[in-house]
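The values are calculated or read from the model by the stated rules, or taken from the named source; none is laboratory data. Bear in mind the structure is a predicted one, so any value in this text is a computation, not a measurement. Cβ coordinates were reconstructed from backbone atoms using ideal geometry, including for glycine residues, and neighbour counts include every protein chain displayed. Quick note on the areas: whole protein, heavy atoms, side chains included, nothing else; ligands and nucleic acids left out. Shrake-Rupley method; radii C 1.70, N 1.55, O 1.52, S 1.80 Å.
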Amino acid sequence: MTIQAVWNGTVLAESDQTIVVEGNHYFPPGAIDRTRFIESDRHTRCPWKGRASYYSVESNGQINLDAAWYYPRPWPLARRVKGYVAFWNGVTVQEYSP
């Protein structure tokens, strides 16, 4: 099953290797379109995954602030999502059939 993350008409990520954690699809680092991602200064903390870092995403001249997050150095229980990227804030994550 291939999963896509789409915002504002642009595919931000696509993979058949996502990891689902707490209902969110985490995309492998190589599955995201890096040209659409802007490092953010935002950070949050999860009690079992650790410190999350964020990206804003760009599409068609618009910016969606802090719409993606990842764990660069997750705690041991979450090590399988290290560097993987998940989405929220209006980004649609869905199955894709060509």
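What the table shows:
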quantity	calculated
Subset of the stretch 34-45 (residues that are under 17 Å from T92 (Cα atoms) and open to solvent by less than 50 Å² (accessible area, probe 1.4 Å))	F37
Pairs with Cβ under 7 Å, 6+ apart, first in the stretch 1-24 and on the phi > 0 side of the Ramachandran plot, second open to solvent by less than 40 Å² (accessible area, probe 1.4 Å)	N8/S59; G9/S59
Only one of A78, A67 that is outside any strand (DSSP E or B) and open to solvent by less than 20 Å² (accessible area, probe 1.4 Å)	A78
Residue check for S40: of a type in the set (S, T, Y) and over 11 Å from the mean Cα position of the chain (by Cα)	yes
Qualifying residue in the stretch 4-21 (condition: open to solvent by less than 40 Å² (accessible area, probe 1.4 Å), out of contact with any helix residue (DSSP H, G or I) (no Cβ under 7 Å at 6 or more places or on another chain) and not in a strand (DSSP E or B))	yes
Pair list, Cβ under 7 Å, 6 or more apart: the stretch 49-66 residue farther than 12 Å from V91 by Cβ, other residue assigned to a loop (DSSP other than H, G, I, E, B) and open to solvent by 50 Å² or more (accessible area, probe 1.4 Å)	K49/W75; G50/R73; G50/W75; N60/N8; N60/G9; Q62/N8
Filter pass, G30 being outside any strand (DSSP E or B), in contact (Cβ under 8 Å) with a residue 60 or more places away in the chain and surrounded by fewer than 16 Cβ atoms within 10 Å (Cβ to Cβ)	no
Single unsatisfied condition, W48 versus (1) touching a strand residue (DSSP E or B) at 6+ places or on another chain (Cβ under 8 Å); (2) open to solvent by 80 Å² or more (accessible area, probe 1.4 Å); (3) not polar (S, T, N, Q); (4) not in a helix (DSSP H, G or I)	(1)
